[in-house]
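Undergrad: Provided herewith is a single structure, encoded as structure tokens, for subsequent inquiry.
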Amino acid sequence: MSADSSLAILPQHIAIIMDGNNRYGKTSGMAKGQGHVAGKSALDPIVEYCRSVGVKVVTVFAFSSENWQRPPAEVALLMRLLEATIHEQLPRMKQYNIRLRFIGDRSQLDADLQALMADAEAKTADHTAMTLVIAISYGGQWDIAQAAKALAQQVVDGQLIVDDVNEDTLANHLELADVPAVDMLIRTGGEYRISNFLLWQSAYAELFFTNTLWPEFSPDELAEMLSAFSQRQRRFGKTSEQIAAASADNISSETASTSLR
Ligand code: M2E
């Protein structure tokens, strides 16, 4: 993959809501659940593309807190797929020097899946090209609540005073406290919601929505989004004089329109 000058400004952290697997399965006449199998293969080229252009962190929503309420057969299939995918991904993570991490409420997961996740994290901990974060049994509200709980425990233990509970101390206890904030959030599948993904971490993220179903999402479409991201950032990247001039302009036009009302 050659360097692309349109990617002058690159997100450091891309979060992806991989929606549309079931609809893809249905419209392609697949058996129940097979859309998730199709979705599983769509991630590899996206991860490789992100790595090749220099994105540092990619976080994907593999299984949400809310997904536990899906039909039991689908939950079971997703758990089997997760396990198979982690097994499959390990050699690839080595080949591409990618670190694998997991976020979410692990206590809800089978002990053998928990062990597999810990093993995959340990075996890739020294990989430096990129980090792939898999959110499993994750919810943004759960994340904020568990951080609050950790702070409350510190107060109880006399290690923290109430006045020191603030944005910074809370952020330090969230999942991914040690990686850059999400600067680009993508949702495929045609819904325009954040669905309790990385709520705090996406506070300033540029949002991208596409009707493309996840199994059909391609590096080409991502490249288009990255170029749009770069353009949005370039507008933010104007000099302070330009911003001052633009806002003075806004104020005078606001004043003008106010006086016309
Ligand atoms: C994923 C899991 O819907 C999910 C089925 C399994 C694969 N998948 C989508 C993931 O998100 C684990 C790894 Cl290591 C990579 C991707």
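Undergrad: Could you compute Rg(Cα) / (2.2 N^0.38 Å) for the chain, with N its residue count?
TA: Normalised Rg, Cα atoms only: 1.15.
Undergrad: So, one more: In debye to the nearest 20, how big a dipole does segment 1-145 give about its Cα centre with +1 on each Lys and Arg Cβ and -1 on each Asp and Glu Cβ?
TA: 260
Undergrad: Moving to a separate point now. Rank these for me by crowding, GLU206, GLU74, GLU175, going from fewest to most other beta carbons within 10 Å.
TA: GLU74, GLU206, GLU175
Undergrad: About the Cα centre of the chain, how large is the charge dipole given +1 on each Lys and Arg Cβ and -1 on each Asp and Glu Cβ? Please answer in debye to the nearest 20.
TA: So the dipole magnitude of the chain works out to roughly 660 debye.
Undergrad: Something else about it: Over segment 13-259, how many pairs of lysines fall under 21 Å by alpha carbon, counting only those 8 or more apart in sequence or from different chains?
TA: The number of close lysine pairs in segment 13-259 is 6.
Undergrad: Okay, moving on. Residue separation times 0.36 nm, minus the C-alpha to C-alpha distance between GLN114 and GLU66: what's the value?
TA: Computed gain between GLN114 and GLU66 is 15.4 nm.
Undergrad: May I pose another question? How much net charge surrounds LEU81 when only other residues with a Cβ under 12 Å from its Cβ are counted (Lys, Arg +1; Asp, Glu -1)?
TA: With Lys, Arg at +1 and Asp, Glu at -1, the net is -1.
Undergrad: While we're here: Suppose the chain between ALA223 and LEU170 were pulled fully straight at 0.36 nm per residue; how much longer would it get relative to their current alpha carbon spacing?
TA: Length gained, ALA223 through LEU170: 15.7 nm.
Undergrad: Where does the charge balance sit around ALA145 when Lys and Arg score +1, Asp and Glu -1, over other residues with C-beta under 14 Å from its C-beta?
TA: With Lys, Arg at +1 and Asp, Glu at -1, the neighbours total -2.
Undergrad: Let me ask something else. So, R0 is 25 Å and r is the distance between the beta-carbons of GLN146 and GLN12; what FRET efficiency does that work out to, to 0.05?
TA: 0.55
Undergrad: Can you run phi through the Karplus equation (6.51, -1.76, 1.60; θ = phi - 60°) for segment 104-112 and list ³J(HN,Hα) in whole Hz, with x for Gly and Pro?
TA: x, 7, 5, 4, 7, 8, 4, 4, 5
Undergrad: Could you point to the residue in ALA150, ALA31, SER107 farthest towards the positive end of the chain's charge dipole, with +1 and -1 charges on the Cβ of Lys/Arg and Asp/Glu respectively?
TA: Looking along the dipole axis, the top candidate is ALA31.
Undergrad: Please compute the length gained on full extension between GLN153 and ASP126, using 0.36 nm multiplied by the number of residues separating them and subtracting their Cα-Cα distance.
TA: Full extension of this stretch gives 6.6 nm more.
Undergrad: Another question, if that's okay. Tell me the net charge near LEU213. Cut-off is 13 Å between Cβ atoms, LEU213 excluded, with +1 for each Lys or Arg and -1 for each Asp or Glu.
TA: Local charge sum for LEU213: -1.
Undergrad: In which sequence would TRP68, TRP200 go, from the one with the fewest C-beta neighbours within 10 Å to the one with the most?
TA: Taking fewest neighbouring Cβ atoms as first place, the list is TRP68, TRP200.
Undergrad: Using a 10 Å cut-off around each Cβ, can you sort PHE217, PHE209 from fewest to most neighbouring Cβ atoms?
TA: Placing the least packed residue first, the sequence is PHE209, PHE217.
Undergrad: Considering Cα pairs under 8 angstrom that are at least six residues apart, work out the relative contact order of the chain and quote it in whole percent.
TA: Value for the chain: 27 percent.
All of the numbers you see were taken from the coordinates with simple rules; none came from a lab. The structure displayed is predicted, hence computed values, not measured ones. A quick note on method: Cβ atoms are made from the backbone with ideal geometry, for glycine too, and the neighbour counts reach across all protein chains shown.
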